[in-house]
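What follows is a set of notes on a single structure, which appears directly below.
The values are calculated or read from the model by the stated rules, or taken from the named source; none is laboratory data. This one's a predicted model, so the numbers in the text were calculated from it and none came from an experiment. Methodologically, a virtual Cβ is constructed for each residue, glycine included, from the backbone with ideal geometry; neighbour enumeration extends over all protein chains shown. Quick note on the areas: whole protein, heavy atoms, side chains included, nothing else; ligands and nucleic acids left out. Shrake-Rupley method; radii C 1.70, N 1.55, O 1.52, S 1.80 Å.
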Amino acid sequence: MSIKKLLDSVAVIGEAFTLRPTDSTRKQLVDVLGKLSAQIIPPTEQLLYLAWAEPARPAALTTALDLGLFEHMTQPISVENLSKKLPCSTDVLLLNRLLQHLAATFVISSPSPQIYEPTPLSLLLQDPRQSVALRLASLLHGPNLDALPRYLSTNGYKSPADSKDLPFHLAHETKQSPWGWGSQRPEVARAFALHMSGYHIGRPNWLNTDMYPFEERVLKDADDDHVLFLDVGGGMGDDIANLRARLGNIIGNKKLVLQERETIVARVKQSRPELEVVVGDFFEEPKIKGARAYFLHSVLHDWPDEECQKILRHLKGAMTSGYSRLLIYENVLPEQNASWKMTSLDLIMMANAGGMEKTEGLWKDLVESSGLKVNRI
Ligand SMILES: C[S@@+](CC[C@H](N)C(=O)[O-])C[C@H]1O[C@@H](n2cnc3c(N)ncnc32)[C@H](O)[C@@H]1O
């Protein structure tokens, strides 16, 4: 599209957005502004942005997080005054160099020389559940993605399918599984758990929307003799807590159980002692048989297909035909124009774990090849 046409679209969509700032008009405006930037910024400058600005930004951001900088920037502040609040008070020049790059890449802004002020993004970074995404990038998937081209070139450019030989193993020079490696590193384990909770904030919740009629499909006709909901690989139990908070009055005494690895179960017992938890490996048949619903949230995208099939077959073995249901909560990648969130998550899953974000067709193939029937996507 020509620059003129894009500018016209900005005017039209911009007006619609000003009048009625919906999620859809916001996305359209961001999309057209992105296309306009790509047309206006000379390719040589775009190249240097990729080669210089993008690698430098995480370095400045992680240092800023280490210093607790964003917590101290709640209003416009001079670099001099800011430095007095931080552990680097002696090196004002260093601080200014970092702040300049953060301002140049729109993390903060600079209304006048040596004065910096927060943006909505830097204010968000005051919340550890949000800023931890950056920590996890530097601890885990940043190095894994760096290793991806080397991995692909030595493996004949095939999607990783062996969970014991991944870009992760190359990056971290380990033979451990990503989960075992993470569990032995408290900083990674903490960051991962916190990130998973933060990741769900602001995303459409499967219980909030008409995404899945839980009351009609699961609660109705559920008996009292079996577990109502087994959250397999349920992390810190956010989904169960949410379910209880929203539908607790109808769920009553029916059982909601979290199944996790031993290290996670120990953490959940400390932080959410009210939850019912069981230790269980999803590469074995669950001890809890005949539950009304088995739930997998952001689990299958972590594994190559062969492992996904093993997980699904084990769940099938525990299900009661005609009574149990399996609920899979994952992204469905569109066939075209997938968002950068989905495409980057896809590459992150590939590098971290040999996993994948899947299209509707690929989800169907996976589930049906594991001996289960897809009712609805
Ligand atoms: C991406 S997290 C998803 C957590 C949670 N469902 C959520 O959406 O917040 C994947 C979970 O799988 C668990 N997991 C990994 N390997 C496992 C295994 N072999 N058996 C059981 N759980 C496992 C991890 O501990 C982790 O909590």
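Volume of the convex hull of the stretch 207-364 (Cα atoms only), normalised per residue: 128 Å³. Helices in the chain, meaning DSSP H runs of at least 4 residues, each add -39500 (n - 2.57). Divided by all residues, the mean residue ellipticity at 222 nm is -15500 deg cm²/dmol.
How much accessible surface does D91 have with a 1.4 Å probe, in Å² rounded to 10? About 70 Å², rounded to the nearest 10. Taking one quarter of the surface of the C-alpha convex hull of the stretch 115-261 gives a mean projected area of 13.4 nm². Simple rule: put +1 on each Lys or Arg Cβ and -1 on each Asp or Glu Cβ in the chain, find the dipole, and look at S122, G235, V265; the Cα lying farthest toward the positive end is S122.
Less than 5 angstrom separates the built amide H of Y329 from those of L296, H297, S298, all sequence-distant by 5 or more or on a different chain.
Here V32 sits with roughly 10 square angstrom of accessible surface, probe radius 1.4 Å. Of the solvent-accessible surface of the chain, computed with a 1.4 Å probe and all protein chains present, 55% belongs to carbon and sulfur. For the chain, a Gaussian network of Cα nodes joined below 10 Å ranks K287, K254, K35 by mean-square fluctuation, and the top entry is K35. Residue ranking by accessible heavy-atom surface, 1.4 Å probe, largest first, among I328, I13, I311 comes out as I328, I13, I311.
Using the Cβ-Cβ distance between D221 and R190 with R0 = 35 Å, the FRET efficiency computed as 1/(1 + (r/R0)^6) comes to roughly 0.30. Using the Cβ-Cβ distance between A104 and K27 with R0 set to 22 Å, the FRET efficiency works out to roughly 0.25. Taking Cα centre as origin and charging only the Cβ of basic (Lys, Arg, +1) and acidic (Asp, Glu, -1) residues, the dipole magnitude of the chain rounds to 240 debye.
Over the C-alpha trace of the stretch 128-199, radius of gyration and Dmax come out as 13.0, 40 angstrom. Near R261, the amide H atoms lying under 5 Å from its own belong to G280; only residues 5 or more places off or on other chains count, and H is placed 1.01 Å from N. Computed with every protein chain present, the accessible area of Y199 is close to 60 Å² [probe 1.4 Å]. The value of relative contact order for the chain, using C-alpha pairs under 8 Å at least six residues apart, is 12 percent.
Ranked by accessible surface with a 1.4 Å probe, highest first, in what order do W179, W52, W363 come?
Sorted descending by solvent-accessible area, the residues read W52, W179, W363.
With the convex hull drawn over the C-alpha atoms of the chain, the volume per residue is 190 Å³. Here, the stretch 3-124 is characterised by an Rg to Rh ratio of 1.07, where Rg is the alpha-carbon radius of gyration and Rh the Kirkwood radius. Of the residues L50, L345, L315, which exhibits the maximal mean-square fluctuation in a Gaussian network model of the chain defined by a 10 Å Cα contact cut-off? For the chain, modelled as a Gaussian network with Cα springs under 10 Å, the answer is L50. Per residue, the chain exposes 56 Å² of solvent-accessible protein surface, assessed with a 1.4 angstrom probe and all protein chains in place. For the set K164/K316; K175/K364; K287/K364; K269/K364, the pairs lying more than 30 angstrom apart at their alpha carbons are K175/K364; K269/K364.
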